[in-house]
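Read through the structure below, which is laid out as structure tokens, and then see the notes.
The values are calculated or read from the model by the stated rules, or taken from the named source; none is laboratory data. In this text, all values refer to a predicted model and were calculated from it rather than measured experimentally. When we count neighbours, we look across all protein chains shown, and the Cβ atoms used for this are built from the backbone with ideal geometry, even at glycine. Keep in mind that these areas ignore ligands, DNA and RNA; they rest on the heavy atoms of the full protein, side chains included. Shrake-Rupley method; radii C 1.70, N 1.55, O 1.52, S 1.80 Å.
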Amino acid sequence: PEDTVTSSFASFIRAARPEHLSPTVRQRSKRMILDSLGVGLVGSTTRVFDIALRYCRLYSSVAVSSVYGKPGVKLSPTLAAFTNGVATHSMDFDDTWHPATHPSGAVLPALLAASQMLPPNTKPNGLDFLLAFNVGLEVQGRLMHFSTEAHDIPKRFHPPSVVGTLGSAAAAAKLLSLSSAQCCHALGIAASLAGAPMANAATQAKPLHVGNATRLGLEAALLAGRGMEANPLILDDIPGCSGFSAFYSVYQPKPLPAPGEHHEFLLEKQDIAFKRFPAHLGMHWVVDAALSVRNLFINYAGSFSPSLIRTIMLKIPVSKYINRPFPSSEHQARHSFQFNACAALLDGEVGLGSFSESSIHRQELRELLDKVVVEHPEDNVANFDKMYGEVALLLHSGDVLTGKCDTFYGHWRKPLSNESLLKKFRSNASHVLPEEKIEAIITLVDNLENLSDSSQL
């Protein structure tokens, strides 16, 4: 069918050209690629990654695609994409966009795996790779704007399992040079492979959402390229028959304009949030608020003395799955306003070590958690563009000290500097790679447009 929402997306995927990427979009997306690689590398040290890798190695297949943090280990392209996607989200350390999703982890592993899969004479160059990555981002962003529900912290489906799967399919379709019709079918196939419930947040199953998104999107593109067909109206709003609309309670799809001379990618209009520590994005507001009030407390008392605190008041938005008073596992701790506020108060920072079993079960931390009271002010909405975090210490003396954060460092309104981003990447990658390889990756990504063979990544 002509002039449908779905066909407009397929036409966009097919028609996008490197010259449509502005210098801002190129720079921002390269920062995303570098950060995602670092997050995936440190994620390859986690238990959930080991489980996923052991599962994938049960299969005998054409092993051509690399695995994060495991020199010499290769898997089939789709299983490598899956495993690396799990690594990327294993610590909840990956980038976040608005409306809420984790865009890079759903796309980058699929493109890396597909690049290694292709024969030597058909390898995409770095500019092709960068374009496909941005096509995957654009499709995710446009799909999220089909529903006002997507603008708030999710309650039903984990966004990367929904829009990420279609973004991965779009990116892979672009890299594999599928026809417009095949791109349309790839989106339709991906829609049948998408979706994961929010109830699995704060469990080891949550990283599978990103792993499956990047893997199944790649599979959708590969199937479409081999002739499989799907509903060509999958993104359209067809009364009485749900397509992609099944994932949203309110759904108003709009065509994606063909990329012309003045096309502006969504990444041009809004930057990405990069996390400074490995936890749910909402935690970054309360940690910065907690660090602020901690400094006030030290100026007040001379040192941080928990015995002087009667109550710790958190003013946070309503979001059930990240309101966890007493987390008992690392994944629960990464999704707990209470834990992250108290860890920041006690230690003066939150980092990789904050979520170890020994750190989570410290007696002094538990004593602080006992003092936490939560309030949900009406003006503090569950929306990553509008929410704030406030931490107030009510002291036995009667004094009250308050810290508040409405934009943390790393948010798209207050992006990480290149120096901070490089520091994060080097720190993450150093867990599995020697310094010379870390610096080589930085150079490759920085000069991605000039890379003759993107599989070198």
Open item on the list: Considering only the stretch 255-271, I want to know if a residue exists there that is under 19 Å from residue 410 (Cβ atoms), of a type in the set (D, E, K, R) and not assigned by the TED database to the domain that holds residue 172.
Closed with: no
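So, residue 104, is that one of a type in the set (Gly, Ala, Ser), open to solvent by 10 Å² or more (accessible area, probe 1.4 Å) and under 30 Å from residue 446 (Cβ atoms) or not?
Taking the combined requirement at face value, the residue does not satisfy it.
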Task: Hits in the stretch 429-452 - residues which are touching a residue at least 12 places away in the same chain (Cβ under 8 Å) and over 16 Å from residue 40 (Cα atoms) - done: 444, 446, 447, 448, 449, 450, 451, 452
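Condition first: part of a loop (DSSP other than H, G, I, E, B) and open to solvent by less than 50 Å² (accessible area, probe 1.4 Å). Now tell me which residues in the stretch 431-445 satisfy that.
Taking the stretch 431-445 first, the residues part of a loop (DSSP other than H, G, I, E, B) are 431-434.
Those that are part of a loop (DSSP other than H, G, I, E, B) and open to solvent by less than 50 Å² (accessible area, probe 1.4 Å): 432, 433.
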TODO: Would you mind telling me which numbered condition in (1) under 28 Å from residue 156 (Cα atoms); (2) small (Gly, Ala, Ser); (3) open to solvent by 10 Å² or more (accessible area, probe 1.4 Å) residue 302 fails?
DONE: (1)
Task: Complete set of residues in the stretch 3-25 that are more than 30 Å from residue 236 (Cβ to Cβ) and either touching a residue at least 24 places away in the same chain (Cβ under 8 Å) or open to solvent by less than 10 Å² (accessible area, probe 1.4 Å) (or both) - done: 24
Open item on the list: residue 65 - would you say it is outside the structural domain of residue 353 (by the TED database), within 24 Å of residue 123 (Cα to Cα) and among the polar types (S, T, N, Q)?
Closed with: yes
Open item on the list: For the stretch 82-101, give me each residue that is assigned to a loop (DSSP other than H, G, I, E, B), open to solvent by less than 10 Å² (accessible area, probe 1.4 Å) and touching a Gly at 6+ places or on another chain (Cβ under 6 Å).
Closed with: 90, 94
- [ ] Could you list, in sequence order, all residues of the stretch 152-174 that are in contact with a Phe, Trp or Tyr (Cβ under 7 Å, 6 or more places away or on another chain) and crowded, with 24+ Cβ neighbours inside 10 Å?
- [x] 162, 171
Task: Residue count for the stretch 26-45, restricted to those that are surrounded by fewer than 20 Cβ atoms within 10 Å (Cβ to Cβ) and of a type in the set (Val, Ile, Thr) - done: 1
Open item on the list: So, restricting to helices (runs of 4 or more DSSP H) that lie completely within the stretch 321-428, which ones have at least 2 residues that are surrounded by fewer than 19 Cβ atoms within 10 Å (Cβ to Cβ) and free of Cβ contacts under 8 Å to residues at least 40 places away in the same chain?
Closed with: 357-360
